[in-house]
Structure formats: structure tokens, C-alpha cells
Amino acid sequence: MINKSLFLTYLYLLIYILLSSGVILYNKWVLSPKYFNFPFPITLTMIHMGFSGAVAFLLVRVLKVVAPVKMTFEIYATCVIPISAFFASSLWFGNTAYLHISVAFIQMLKALMPVATLIMAVLCGTDKLRWDVFLNMLLVSVGVVISSYGEIHFNVVGTLYQCTGIFAEALRLVLTQVLLQKKGLTLNPITSLYYIAPCSFAFLFVPWYFLEKTGMEVSQIQFNFWIFFSNAVCALALNFSIFLVIGRTGAVTIRVAGVLKDWILIALSTVIFPESAITGLNIIGYAIALCGVVMYNYIKVKDVKASQRPPDSIPERMTKDWRMEKKSSNLFAPDDNIDDDTSSGAGKDNSISGMNVDEEMPLMASSRLSHIGRSQLSSRDA
């Protein structure tokens, strides 16, 4: 008998791979002059953002499926706005690349994402350059160069658009880690779209007004409601499928699924779009880059596992430290803010309960935290 949980996990992975591949191929079909011929990538991206923002507003404010986070103006201005700007830029440049280069070559260029993310992380000070990671990134870069050299329909403009979109997405990922996590915010796909999609729509409006508005007014393209509605629904469903996959799998599974999706996309794109033929040099270069990506993923997953602690390790260590301090001459004394009417016995109870508070609210500063609890929090946050 098939395990139900395992079956659901593989089902969600399959849905994610199908939706991700489908959205990319659908966008290419809509934007390509040879097919649907809607050469306005900013407009298409704005449709996605507007639709996603409207659905998120419906789910959060009307149906109340999820509750909004405590968003202040300072957090919105310093976190949401810059993240939305780079998110909009990555989508804009990525969709524009479909006008110039093939889906297969775009997927090969996306192998540069770990390189771009590492560069941005090092520049922002969230990561340090290591020799093992550097050699993997060098291998990825060499593979992408070989793959680009073997591209039959190589286009400089399309390549620059795609690479710019990759670096914009990498900077968005780093900013999300630096800004949101330091503020203690946790956004699921619905709340992320609720806050980020409208802001991204506003950012896209400026380049749309100067670059595409005039072209749309003079063009003879008819707006097909069902084409754009179904395209926006697929993009929204992809966001939710990512949430389901992350909730049921680990980092290794997600990265393996991403590699599998890229190979499927490359194969499907050559069938659906015959003009995007790939060469043997393309495959060799991408295989070299993929080796670097797999090795990089292995290093990152190993680092994550090494940094993880057992769930009960912190309270156990805190209890042990408290007992050691109790035995020493430098006895633990509660904070001054703790009620004065506590006896010595009550003080012991408060110190233990303080350790429980430390574990349950690591992002909330409390005057009732013990000295031991604070030291554990600072070491864990470092």
C-alpha cells in the first residue's frame, strides 16, 4: 500500500514541475512574434502582478483566509519597497529575454543563479567567499560560457536581459534575507503577494508608460481576455505550488526538482518551439554548469544540516547552565522588572519559565528574560 504522505509529496512536486514549466512555455508562446505575438513583456508582467495582488487582497481582507502581518510604514518603506522593486525588475528583464532568445538557452543561463546569489551575498555581507564554493561557481561560469558559445541563435541583447534579470532576482533574495528576517517578518505566498504585488505593479507602471504604452496604442494586437486570464491563473498557481512543496519537502528535494524541471523544459521547448534547436556544445556546456550547481547545492545543504540543532538542545543547555550557576557562588538573580513580591522559591520558578519564554519567542525582546536566556538568544541569532 502506498504511503499517503509520500504520495502527496510526489504529487505536489509533480504539480510544481508542471506549473513551472507550463508558465515559462506559456509566457514564451504569448510573447513570441511567431505565435501569439504580444511583444509587451512589461504589460504581461503587470497583468500577473495586478491579478495576484487582487486575489491576495480577496483572500486576506475579504475571505480572511490568512491574517496580515503587523506592517509599519518604516518596515514597508525599508523592506517591502526595495524587495518589490527588484522583484519587478527580475520579472521584467526575464520576460523581455523571451523576445530575443530561446527557452532552452534561457534555462541554461539560469544556471548562473547560484553565482549571482553568492556575489550579491558577499557584497551585502551575508556570506563569505570560500574556496570550495568559488571553484564551483567558476565551474558553473565556464559551463555557461561554453553553452553560450554553442548557441546557434545567440543574441547579445537577450542574453544581457536574462543575466540582468538573474542578478536582480539574486539581489531580491539577499534583500529578503537581510531585511525581512532581521525585522522578524515571516511572509507566506499569500501575504507576500498581498504586500509585494501591488508595489511591483506600481514600479512596472513607470517603464510601461515610457516603453510600451505608445506601442500598444498604435499596434493592431487584439486583447484576448481568456489567454491573459489563464496565463495569470497559472502564474498564481505556481506561487501556491511552491508553498506546498516547501511545506512538505526539504532543501535537497527542492533543488533536485529544480534541476529535473530545467531538463524537462529544455527538452519540451525544442519540441514546442522547433526554431530553438540546441547543439551538442550547448548540452556539454550546460552539463558542466550543472555539475557545478549540483556540487554547490550539496555544499549549501551540508552547511544547513551542520548548523541545525536538535529541537531540545537549547532548553537543555539553558537548564544545565542554570544549574551550574546555581551551584557556583555567583548565583543567578532575577531582573529588576520581575515582581518584587516573589520569594526565593518563586524566583527559581520565574527563572525557569523565563527560559521557556526565550525558546518560544526568539524574535521578541522581553524584560522578563533571564540573563541566561538572553545569552542563548544572542548566540543563536549570531
- Item | Three-way shape call for region 47-100 based on the alpha-carbon gyration tensor, with the a/c threshold at 1.5 | oblate
- Item | Radius ratio Rg over Rh of region 114-273, counting only Cα atoms, Kirkwood formula for Rh | 0.98
- Starting from region 1-105, pick out the trypsin sites (Lys or Arg not before Pro) whose DSSP state is loop and whose Cβ has at most 12 other Cβ atoms within 10 Å. 34, 64, 70
- Provide the FRET efficiency to the nearest 0.05 for the residue 222-residue 272 pair, computing r from the beta carbons and using R0 = 22 Å. 0.45
- Would you please name the chymotrypsin sites (Phe, Trp or Tyr not before Pro) within region 18-63 that are DSSP coil residues with at most 12 other C-beta atoms within 10 Å of their C-beta? 35
- Note on the structure: Cα extents of region 174-215 along the principal axes, largest first, in whole Å, come to 43, 20, 11
- For the table 213/261; 34/110; 110/300; 261/305, the rows whose alpha-carbon distance is greater than 27 Å are 213/261
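Computed from the coordinates by the stated procedures, all read-outs in this text should not be read as laboratory data. What you are looking at is a predicted structure, and each value in this text was computed from that prediction instead of being measured. For neighbour counting, all protein chains shown are included, and Cβ atoms are generated from backbone atoms with ideal geometry for every residue, glycine included.
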